[in-house]
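Rule-based calculations on the coordinates, nothing more; no lab input. Here the structure is a predicted model, which is why all the values come from computation and not from measurement. Note that each Cβ is placed from the backbone with ideal geometry, even for glycine, and that neighbours are counted across all protein chains shown.
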Amino acid sequence: MKKIYFIVVTLFFAILILEHDNMGVAYNPLFHIEGGDSDNAISMPCGLGGSHNHKH
Amino acid sequence: MAELNLRDIPRIAIDKPVLTYGIIFSILFSYILYSGVGDRHLYVFLIGLGLGISLFQAAFGFTGGWRNFIEKRDSKSLRAQIIMLALAVLIFSFFINSKSFFYDGTMIGAIAPVGVSVLVGSFIFGFAMQLGGGCGSGTLFTAGSGNIKMVITLIFFIIGSLIGSYHFEFWANLPSFKPVSLLNIFSKINTILIQLSALGLIYYLISKMEFNRNNKINHNDIISNPSHSLIRGPWPLLWGSISLVFFSFLMLQVAGHPWSVTFAFGLWGAKIASFLGVEVSSWTYWQLEYPSTALENSVLADPTTVSNIGIILGALIGSALSGKITKFTSVNKKLVLAAVIGGLFMGYGARLAFGCNIGALFGGIASGSLHGWVWFLFAFLGSIVGVKFRKYFY
């Protein structure tokens, strides 16, 4: 069971890293700048909107 | 089968291989985040590690605490949660909508509307977490500390979140009030007074109910722990309350919003579904501003994902340090079924209710949002029903 657990966890971490390598970071949600353009206003990961324009 | 109580496992030597594994992956992720995403993502990850260690060492879970109160009127864990919320209200109220110490921007609260979706979603979540054996944060830290059953719960949590995002349009169109932020209605001081009064009343009521049932109550039980050690644990519950508020405050300062957990689960599910050929990007939810951006980006650009990885690794490191990494015993069919049902419905409920016990309850109340209180009430009612159903599985 211990082996299975660590295989699953390692596989999960490996997929995250490979996906990161494949996709790259086109937009960094934490690079929000006060007063910046609207593209930079998406920093709230509640899943339903941005920060200043926090739409629900 | 009784749920594993981390405090009851005899302490053994530090598990060096597991500790090494946890440290190596922590360094690897730190490097990738710093070099490939940004310094603030690295800080979010380190905060996640702190949250994971705190959750594990204090065995700080909402599920067992609520169940102990519902079944035995043991309010110990619930009182620690109320103190955590009170501390968060006291601190967060002064900082929400103000400038961050870490970046040039305003920190925002977790404010969401109160509607049918929150009522139904939080009730479903409260019900399901009693079957799944952990809430949002609880599932993460127990899965991270080697509990196979909770890994199954986590997998189905992800699937449930994905299904919830598919049905999002239906739930979003049901009746709902506009978001209510107490900080927008009252002054900071009055918001604090109102919320602390409500929390104080709950603390008083649950203490009285414990005393009435058991003819005794010991308010020091959340402070005392005869064998506690900062490094090796177990921590008194109050240490957990304080450290979780501390790391949540850092999260607010660094990420610009309160700590959240479950958005990442839906994102992971959507990424996998997309890989398998499902046109997730055509779903209404994944066309919203933040979700659509997250879907197109590297998953490590999503701060919720980053903090969740930190929590998993933090719990793994904490369990290795304490020598209490969960025993790797096989799980029976009934427990697997409970994990599947619990995980699915928690994921679905969290998507409807704008988050879990962390994003909606903790973040919502700390931010002065009414939906946090409604979430608390309906999730607790769901847990009362869930505790009754749990007996068929455990």
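How big is the dipole moment of the protein assembly as shown about its Cα centre under a simple scheme where the beta carbon of each Lys and Arg is +1, that of each Asp and Glu is -1, and everything else is neutral? Debye, nearest 20, please. Walk me through the numbers before you get to the answer.
Working: 29 positive and 19 negative charges, 405 e Å.
So the dipole magnitude of the protein assembly as shown works out to roughly 1940 debye.
Roughly how far apart, in whole Å, are the Cα centres of the stretch B:81-150 and the stretch B:261-322?
16
If amide H atoms are built 1.01 Å from N in the plane of the peptide, which residues on other chains or at least 5 residues away come under 5 Å of the amide H of B:SER369?
Those lying under 5 Å, H to H, from B:SER369 are B:LEU182.
Work from the charge dipole of the stretch B:8-390 (Cβ charges, +1 for Lys and Arg, -1 for Asp and Glu, about the Cα centre) and give the residue of B:ILE206, B:ILE152, B:PHE125 farthest towards its positive end.
Positive-most Cα among the choices belongs to B:ILE206.
Which one of B:ALA301, B:GLY50, B:PHE95 has its Cα pushed farthest toward the positive end of the charge dipole of the protein assembly as shown, where Lys and Arg give +1 and Asp and Glu give -1 at the Cβ?
It is B:GLY50, whose Cα lies furthest towards the positive end.
Report the one residue of B:LEU352, B:SER26, B:ILE194 whose Cα lies farthest in the direction of the positive end of the charge dipole of the stretch B:8-390 (charges on C-beta: Lys and Arg +1, Asp and Glu -1; origin at the Cα centre).
The residue sitting farthest along the positive end of the dipole is B:ILE194.
If I stretch the segment between B:LEU337 and B:SER35 completely, what's the gain in nm (0.36 nm per residue apart, minus their alpha carbon distance), one decimal?
On the way: separation 302, 0.36 × 302 = 108.72 nm, distance 4.17 nm.
Contour length minus the Cα-Cα distance gives 104.6 nm.
Taking 30 Å as the cut-off for C-alpha to C-alpha distance, list the pairs among B:LYS178/B:LYS334; B:LYS16/B:LYS149; B:LYS76/B:LYS149 that go past it. Write down the numbers at each step before the final one.
Values: B:LYS178/B:LYS334 42 Å; B:LYS16/B:LYS149 23 Å; B:LYS76/B:LYS149 25 Å.
Going by Cα-Cα distance, B:LYS178/B:LYS334 fall outside the 30 Å limit.
Under a plain spin-label model, where a point goes 7 Å from the Cα along Cα-to-Cβ, how far apart in nm are B:HIS167 and B:SER224?
4.7
What list of ³J(HN,Hα) couplings, whole Hz, do you get for the stretch B:139-151 from phi and the Karplus terms 6.51, -1.76, 1.60, once you set θ to phi - 60° and write x for glycine and proline?
4, 5, 6, 6, 5, x, 9, x, 7, 4, 4, 6, 5
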